[in-house]
1. Note the angle between two axes, namely the Cα long axis of helix 264-275 and the longest principal axis of the Cα atoms of the chain, as a number of degrees from 0 to 90, rounded to the nearest 10.
2. From the residues His350, Leu188, Gly171, which one has its Cα farthest along the dipole of the chain in the positive direction, the dipole being from +1 and -1 charges on Cβ of Lys/Arg and Asp/Glu about the Cα centre?
3. Quick check: the angle from helix 146-159's long axis to the longest principal axis of the chain, C-alpha only, nearest 10 degrees?
4. Counting only heavy atoms of the protein chains, get the accessible area per residue of the range 6-275 (1.4 Å probe) and round it to a whole Å² value.
5. Compute the long axis of helix 212-221 from its Cα atoms, compare it with the longest principal axis of the Cα atoms of the chain, and write down the angle in degrees, 0 to 90, nearest 10.
6. For Asp193, Asp100, Asp36, write out the residues from largest to smallest accessible area, computed with a 1.4 angstrom probe and no ligands counted.
7. Using 18 Å as the Cα-Cα cut-off, could you pick out the over-long pairs in Lys59/Lys123; Lys90/Lys200; Lys67/Lys273?
8. Simple spin-label model, 7 Å along Cα-to-Cβ: Lys339 to Arg187 in nm?
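The values are calculated or read from the model by the stated rules, or taken from the named source; none is laboratory data. As the structure is a prediction and not an experimental result, all values here were calculated from the model. Note: ideal-geometry Cβ built from the backbone for every residue, glycine included; neighbour counts use all protein chains shown. Note: areas computed on protein heavy atoms with side chains; ligands, DNA, RNA excluded. Shrake-Rupley method; radii C 1.70, N 1.55, O 1.52, S 1.80 Å.
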Amino acid sequence: MNDLVWILDSTLREGEQTPGVYFDKHIKLAIAGLLDEIGIDIIESGHPMVTPEIHAAVKAIAQKGFKSIVGAHSRSLQSDVDLALECGVKFLGIFYCVSDERLETVFKKDLDSAIKLIADVIKYAKSQNPNLLIRYTPEDTVRSQFENVVKAATAAVEAGADIISVADTTGFMVPGTSRSMYDYISRLIEELDKRNLHPKIAVHCHNDRGLALANALDAYRAGANIIDAAALGLGERAGIVDLAQLLTVLTVDYSQNKWNLGKLVELYDLVSKHSGIPIPANYPITGKNAFTHCAGVHTHAASVNPMHYESLSPDILGRTRTFSLDHMSGIASLRYALKLIGEELLDDAHQVDVLKEVKSVGQRGRTVDLAELKHIVDAVKHHKIYNS
Ligand code: HCA
Ligand code: CU
C-alpha cells in the first residue's frame, strides 16, 4: 500500500459536469482557496477550451500561488494544450479513449495512429514546459481492451507522461468480482514494471453503482498513488468519489494524516449553495444527521458514552454530536436534553407532559431542537401554573 497518497480534487472540472451546475469565477476561486487550505495536492480547475469564462477562471486560480498544484483538463489536441499552458497551470490531464469500439465507431482511427497522436501531444506539452506534470487517461480504461491500455500507457510514459490514470468512467467496477479495481491496478503496475516504467498511478472512480469509494480504496490498496474526488461527489450522472468521505476514511482508517478536515463543512456548504445540489440529511460525514442520535435506546446509550452508537467522532470534522427529539424519544433522551438547556430540575409530572408534546411534534414529521424544547417547557410550566 502506498503511504504517500495524493488527492486530486475535481469539483471544478468533473463537478461542473453535473447537469445544471456552474460556479462563477469568484466562487471557483473561493472553492479552490478552501481546497488549498484542506491540503489537496492537485486542484483540477477546469477545461479551458469549454468556455472563455472557464479559461479565465483556470488562469486566475493558477496564478493564486496556492500550495496545491493547479491543473487543467485537455483533449489530446495541441490547441487544448496551448490554451491550458497559457493559463500557467503546472498539471495537465490529457484524455483519449483507446477501446476498439470507440476507435472504430467514434474516432475512426486504428490503435497505432491514436497512440501516435497521444504521444505527439504529450511530447509537445513537455517541450513547452519540461516541469509540467502530465497525466494521460485512457478514458473508460477499465472497459477497454487491456492490451490497448498497456500499449497506450507505455507510449504515453515514454513520451513524457508522469501519471497514468485508470478511469472507471461508467462506475462499472465491483470489488471482489472479476471486475475488481484492486486486480486491475495490480495488473497494470505489473505490466508497466515489466517494461521498466514507473509512472504514478491515479484512479478516477464514478459512482453509478454507489461503489466509487470502495473501488478507490481498492485501488489504493493495490498501490495507486493519486485518488480523484469531488466535493459532494459531484460529476457526470451519479458523480465520483465524495471528497469528505475519502479524506475521513484515509485519515481514520488508513492512518494518513495530512488534511485539514475541519474545513470540509465550510467547503460543502459553499459548494452545495452554489451548485444548487442539497446535501442529503443522511449523507455520511457532511449530512445534517450524520452525527445525530434519535431513538430513545440510542440516545440513552450514546449520552452515557457516544462510542456505543458512533464509530467516527464528529470532533475530527469540527462538528458536534446532537440528539434529536421526536416521536422516537424516551424519558432518558428528554432528561439529557433538559440538562443541556438548564432545565434538569423540572419535576417528573412536567417532564411527562413535555415528552407528550415532543412526541406529538415528532408525529407531525418534525424534530424538536433545543430552542423549541425550551418553548415547550415554558408552555407546559405556564399551562400548569395557569390551571392550578
Ligand atoms: C470526461 C471523462 C472523465 C475523464 C477522466 C480523466 C472520465 O468527463 O472527460 O481525464 O482522467 O470519467 O473518464 O472524467
Ligand atoms: Cu469522470
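1. So the inclination is approximately 80 degrees.
2. His350
3. For helix 146-159, the angle is close to 70 degrees.
4. Values: 10330 Å² over 270 residues.
Accessible area per residue: 38 Å².
5. Taking the Cα atoms of the chain, the angle to 212-221 is about 60 degrees.
6. Values: Asp193 80, Asp100 60, Asp36 20 Å².
Most to least solvent-accessible, the answer reads Asp193, Asp100, Asp36.
7. Lys59/Lys123; Lys67/Lys273
8. In this crude spin-label approximation the distance works out to 5.7 nm.
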